[in-house]
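Derivation of every value follows stated rules applied to the coordinates shown; laboratory data play no part. No experiment lies behind these values; they were computed from the predicted model shown. Every residue, glycine as well, gets a Cβ built from its backbone with ideal geometry; the counts of neighbours run over all protein chains shown.
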Amino acid sequence: MEKIFLRLNDVQPYKTAFNLSNFVWEIVTKWDYFAKDTVGKQFVKAVDSISANIAEGFGRYFKKEP
């Protein structure tokens, strides 16, 4: 019997967060310099961290860190 492993790209919250990140990047790149440099950078970092945190948690073998 072959083991079937769940892949990160099969996790719906990860896919949703990744698509949201791409969507936000498309919007922010069209902003003027001041908006990008102030709010845009923070917005992009925040939305990118969602999928990054899901990916980091997905790669762990235990629910809690010791």
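For segment 1-50, trypsin sites (Lys or Arg not before Pro) meeting the loop criterion (DSSP other than H, G, I, E, B) and having at most 15 other Cβ atoms within 10 Å: Lys3, Arg7, Lys30. Across segment 33-44, computed HN-Hα scalar couplings (Karplus, 6.51 cos²θ - 1.76 cosθ + 1.60, θ = phi - 60°) run 4, 4, 5, 4, 6, 9, 6, x, 4, 5, 4, 5 Hz from first to last residue, x flagging Gly and Pro. Each residue of the chain gets 93 Å³ once the volume of the Cα convex hull is shared out per residue.
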